[in-house]
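This report refers to the structure that appears directly beneath it.
The values are calculated or read from the model by the stated rules, or taken from the named source; none is laboratory data. Every value quoted in this text rests on a predicted model; they were computed, and no experiment measured them. Cβ atoms come from the backbone with ideal geometry, glycine included; neighbour counts cover every protein chain shown. When the accessible area is computed, the model is the full protein with side chains, heavy atoms only, and any ligands, DNA or RNA have been set aside. Shrake-Rupley method; radii C 1.70, N 1.55, O 1.52, S 1.80 Å.
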Amino acid sequence: MQLNKLEIGKNIENEAWQALENSILYYKGQPVGTVAAYDSSVEALNYDQCFVRDFVSSALIFLIKGRTEIVKNFLEETLKLQPKEKALEAYKPGRGLIPASFKVVSANGEEFLEADFGEHAIARVTPVDSCLWWLILLRAYVVATNDYSLAYQPQFQTGIRLIMDICLANRFDMYPTLLVPDGACMIDRRMGIYGHPLEIQVLFFAALRAARELLICKGNQDIVQAIDNRLPLLCGHLRQHYWIDIHRLNAIYRFKGEEYGKAAVNLFNIYADSLPYYDLDKWLPRKGGYFAGNVGPSQMDTRFFTVGNLMAVISDLSTEEQSEAIMNLIEERWEDLVGDMPIKICYPALQGEEYRVVTGCDPKNIPWSYHNAGSWPVLIWMLAAAAVKTKKPELAARAIDIAANKLSEDQWPEYYDGKKGRLIGKQARKYQTWTITGYLLAWELINHPDYLSLVSFDKLPPETISRACEFEIGSIDPYMDH
């Protein structure tokens, strides 16, 4: 679907680009990233740093515009910050981690980069998603530039391998999903998404696929084999156990509890009374569905998490039918999920006693604010990518039309509050870089659908997916041949 750029207003577009230029971070005279926000009206705190997850949308728009140098510099410099040796003491980042953020520091006339692996963050959260986004972005750079030589350099092959080592390591957990603490992703505060949150699992899936494409050097055969073993199990596990539609809801509703043995159907021992069936029965469209926020022992988080669901569509983790159902759900529940400012990070909000217990009475995550069902304009680019993927670009155009003038008038805030997203976030920074780039990137994607290849993958072969049914969940050692 081709849309005339004049429709979004040339002035708004120029304003967005100027704001993006202002956000570029330089190191030794070279561009290496973008700061989180360029808001001089408040104290910078850590918003003057370049965050890996924040830079993704900036990097993609730079790649689209042919400004590849800044993305290459970012990938090279963050790789240098990756610990290559095992940590010999506690409170040190583990080997293979990519930092959450970095900043340029000067001392004795010399510049150097100072990395934050979460040790300075509020609650000292671990940035598990940084490694995954870094791999996805490296692959996007290769696709955009056709410069395979960068990824094939020994230091990059080592870096990829170290990330895979930490992701695929043997652990107590027996599922193909990645076990992480609370606050390990974009929702980096206590929101009850620890364990196996959807966002991390989908990014893990995309990162595995990126690594599988990029690991070609000799000596990586064991990692490649581990990826080939893990991918179908992870994909099959998420498609089966995380999926919710009216048919699946009916099945869960009639689950028996306390089942034992290999013939058990209710593998996670989900108790029927723990799910809000009647709310879901009313909210789920007949032809809609989505991936649950989390699944674990006696627990199924039925909140809709936007990043995980949209990235499932974009990365081809979801089947065509599931992708169609996700987009149908967004269209049918537009007022709930999009409202007056695209798009809510999750839905519904935690409220009342649940809010107090789960968030610890977090004053920033009050109901319908910030991570607790606030509206985040950066997610427009993911909505646009998923809409293009499912041949529904009109949904993305509709969302951008809602946001266009308001974002400019409000000076590009970080997030919005309220059930409809009408209130500028109580603590939102203005001129938030990923708000700006999310808007610009969304327009590029619906005007030029070919750019979707930067973040999308070919479908996994049916025979690969069918392998997930060959083994009982939990019986696979990811480093063993099968």
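Could you check, for region 23-31, whether at least one of its residues is open to solvent by 80 Å² or more (accessible area, probe 1.4 Å), of a type outside the set (S, T, N, Q) and free of Cβ contacts under 8 Å to residues at least 12 places away in the same chain?
no
I'm told A428 meets every condition in (1) touching a helix residue (DSSP H, G or I) at 6+ places or on another chain (Cβ under 8 Å); (2) among the aliphatic types (A, V, I, L, M); (3) open to solvent by 10 Å² or more (accessible area, probe 1.4 Å); (4) outside any helix (DSSP H, G or I) except one. Can you identify the failing condition by its number?
(1)
Looking at region 136-159, which of its residues are among the β-branched types (V, I, T) and more than 10 Å from L214 (Cβ to Cβ)?
If the condition is that a residue be among the β-branched types (V, I, T) and more than 10 Å from L214 (Cβ to Cβ), then I136, V143, T145, T158 are the ones that fit.
Output yes when any residue across region 61-81 is in contact (Cβ under 8 Å) with a residue 12 or more places away in the chain and in a strand (DSSP E or B), and no when none is.
Checked against the condition, which is being in contact (Cβ under 8 Å) with a residue 12 or more places away in the chain and in a strand (DSSP E or B), region 61-81 yields no hits at all.
Can you confirm whether A349 is within 18 Å of I244 (Cα to Cα) and touching a residue at least 24 places away in the same chain (Cβ under 8 Å)?
Considered against the rule, which asks whether it is within 18 Å of I244 (Cα to Cα) and touching a residue at least 24 places away in the same chain (Cβ under 8 Å), A349 comes out as no.
If you go through region 263-270 one residue at a time, do you hit one that is in contact with a Ser or Thr (Cβ under 8 Å, 6 or more places away or on another chain), surrounded by fewer than 17 Cβ atoms within 10 Å (Cβ to Cβ) and under 30 Å from S375 (Cα atoms)?
No, because not a single residue in region 263-270 is in contact with a Ser or Thr (Cβ under 8 Å, 6 or more places away or on another chain), surrounded by fewer than 17 Cβ atoms within 10 Å (Cβ to Cβ) and under 30 Å from S375 (Cα atoms).
Of all residues in region 220-275, how many are under 23 Å from N170 (Cα atoms) and free of Cβ contacts under 8 Å to residues at least 12 places away in the same chain?
Of the residues in that region, 1 qualify.
For region 264-360, please list each of the helices (runs of 4 or more DSSP H) lying entirely inside it that holds at least 3 residues being within 24 Å of P232 (Cα to Cα) and at pLDDT 95 or above.
In region 264-360, 306-314, 320-332 are the helices (runs of 4 or more DSSP H) which contain 3 or more residues that are within 24 Å of P232 (Cα to Cα) and at pLDDT 95 or above.
So how many residues does region 161-215 have that are part of a loop (DSSP other than H, G, I, E, B), under 14 Å from I136 (Cβ atoms) and open to solvent by less than 10 Å² (accessible area, probe 1.4 Å)?
Of the residues in region 161-215, 1 are part of a loop (DSSP other than H, G, I, E, B), under 14 Å from I136 (Cβ atoms) and open to solvent by less than 10 Å² (accessible area, probe 1.4 Å).
Return yes when K364 is open to solvent by 10 Å² or more (accessible area, probe 1.4 Å), of a type in the set (D, E, K, R) and assigned to a helix (DSSP H, G or I) and no when it is not.
Judged against the criteria, K364 is a match.
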